[in-house]
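Take a look at the structure below.
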Amino acid sequence: MEMCDPSVNYPLMMTNEIRTEGDKQFLSGKGDFKVDFGANSEYKITVNIKKTRDAAEFAPLISFEEPDTCAAIQKYLGDFFNELEKSAGIESGKCPIEKGTYELKDYPLDFKKLAYQSVPEGILQTTQIITDKTTKEVLLCLVTEGENFPK
């Protein structure tokens, strides 16, 4: 996971690292929110895919926008996000999240808790953008890449 443009100081900054041990993945990271996360904002996600590990380039898979970031998080991430919040010291299910600094250390990722389970096999690259509804300022732009292949 990385910010779309590391040189930009987004109002919602995240630094994350995923560590794999055997068949388990762990997330450590920090969120530095200069504004309330999810307040008065729109959510957009674009997903690209490589069907095999040796594919040369990503192909577009899906892109959609939601008018409410908090509703989108519950709709697509659900308990996965709620438990992640709890591990960062945030009330589970709370959104918007008050501005501040939040940290996670060695949080075990359980993708079976995602509300949206129709994830195709392949290497997935997601770009998530949160935009202020009023000013249209990009508050967060995060790129994530991960594999979803049978074990």
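The values are calculated or read from the model by the stated rules, or taken from the named source; none is laboratory data. From a predicted model like this one, the values you see are computed outputs, not experimental measurements. Please note: Cβ atoms are built from the backbone with ideal geometry, for glycine as well, and neighbour counts cover all protein chains shown.
Against the conditions (1) surrounded by 14 or more Cβ atoms within 10 Å (Cβ to Cβ); (2) touching a Phe, Trp or Tyr at 6+ places or on another chain (Cβ under 9 Å); (3) modelled with pLDDT of 95 or more, PRO67 satisfies every one except (1).
Show me the strands (runs of 3 or more DSSP E) found entirely inside the range 37-151 where at least 2 residues are aromatic (Phe, Trp, Tyr).
Passing ranges, in order: 100-108.
Tallying residues that are surrounded by 16 or more Cβ atoms within 10 Å (Cβ to Cβ) and either among the hydrophobic types (A, V, I, L, M, F, W, C) or closer than 14 Å to LEU139 by Cβ (or both) within the range 18-39 yields 9. When the range 122-151 is filtered for residues that are of a type outside the set (D, E, K, R), surrounded by fewer than 17 Cβ atoms within 10 Å (Cβ to Cβ), in contact with a Leu (Cβ under 8 Å, 6 or more places away or on another chain) and closer than 13 Å to ARG53 by Cβ, the ones remaining, listed by number, are GLY146, ASN148.
Filtering GLU137, GLU147 for residues that are closer than 26 Å to VAL8 by Cα and acidic (Asp, Glu) leaves a single hit, GLU137.
Screening the candidates THR52, THR15 for the property of being of a type in the set (Ser, Thr, Tyr) and within 14 Å of CYS141 (Cα to Cα) yields one hit, THR15.
Could you go through the range 22-37 and let me know if any residue there is within 20 Å of GLN125 (Cα to Cα) and in contact with a helix residue (DSSP H, G or I) (Cβ under 9 Å, 6 or more places away or on another chain). Scanning the range 22-37, I find at least one residue that is within 20 Å of GLN125 (Cα to Cα) and in contact with a helix residue (DSSP H, G or I) (Cβ under 9 Å, 6 or more places away or on another chain), so the answer is yes.
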